[in-house]
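Report on the structure given below.
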Amino acid sequence: YQQSLRVIDPIATAGLGQTTYVTATGNAAKVRITGLELDTFYTGLRNTQLRFSGAWNRAVYRSFTNAPQPDENGYAGAPAFRDLSGQILAGAPLFTFNLGGDWRHPVSDTKEIFTSANLAYNTKFNSDNNLSSYGWIPASFIVDAAVGWGAINKNFTVALIVKNLLD
């Protein structure tokens, strides 16, 4: 798992006569990602399709002892690195899911009208690679919706799409 790390800078250390660190891209020693994904749909209602997908994702640094400090720990005298072992990986919400549906109705032999909606949800997660206390993104959901008209064979479609309908 590639990540920013703190490593000894041999050139600066030799030139200054004291241990000097630099941030570089490298591999976190060990990560463990376990989870479960589900992707389903139901078409038992006429002209309707219902969808659900969800994931449980536990992504943890098993061993990452040379992580850089986040910006808020960048004060003089702070250690050059910190141990993130046991912490959740950046950008990895524990739960995500999507719930959606489509309804289509023929209005002629070649044309149809349709509507659709989708709800996407995720739990909070830290967006900063150094796990800054300022990098937390709260749990959120987004609702998107559409209504339209088009060819049954999908050669063309005209739709009004609203992203983030509730905000």
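The values are calculated or read from the model by the stated rules, or taken from the named source; none is laboratory data. Everything numeric here is computed off the predicted structure, so don't read it as measured data. Every residue, glycine as well, gets a Cβ built from its backbone with ideal geometry; the counts of neighbours run over all protein chains shown. Remember, those area values only see protein heavy atoms, side chains included, never the ligands or the DNA or RNA. Shrake-Rupley method; radii C 1.70, N 1.55, O 1.52, S 1.80 Å.
Placing dummy labels 7 Å off each Cα toward the beta-carbon, the span from Val31 to Trp56 is 2.1 nm. What is the list of residues in the stretch 31-71 whose amide nitrogen lies under 19 Å from a point 7 angstrom out from the Cα of Gln87, following Cα to Cβ? Of the residues in the stretch 31-71, 31-34, 58-71 have backbone N under 19 Å from the label point off Gln87. Its Cα centre serving as origin, the stretch 47-167 has a Cβ charge dipole (Lys and Arg +1, Asp and Glu -1) of approximately 300 debye.
If R0 equals 45 Å, the separation of the Cβ atoms of Leu99 and Asn73 corresponds to a calculated FRET efficiency of about 0.70. Of all the options Leu131, Leu89, Leu50, the one that moves most in a Gaussian network model of the chain with Cα springs shorter than 10 angstrom is Leu50.
Think of the stretch 1-139 as having a plus end and a minus end, set by charges on the Cβ of Lys, Arg, Asp and Glu; of Ala92, Gln49, Val107, Gln49 sits farthest toward the positive end of this dipole. The heavy atoms of Trp103 offer some 100 square angstrom of accessible surface to a 1.4 angstrom probe. Over the chain, dividing the summed -39,500 (n - 2.57) contributions of all DSSP H runs of at least 4 residues by the number of residues returns a 222 nm mean residue ellipticity of -1000 deg cm²/dmol. One chain, two ends: Ala14 and Val147. Fully extended at 0.36 nm per residue, the span grows by 41.2 nm beyond their Cα-Cα distance.
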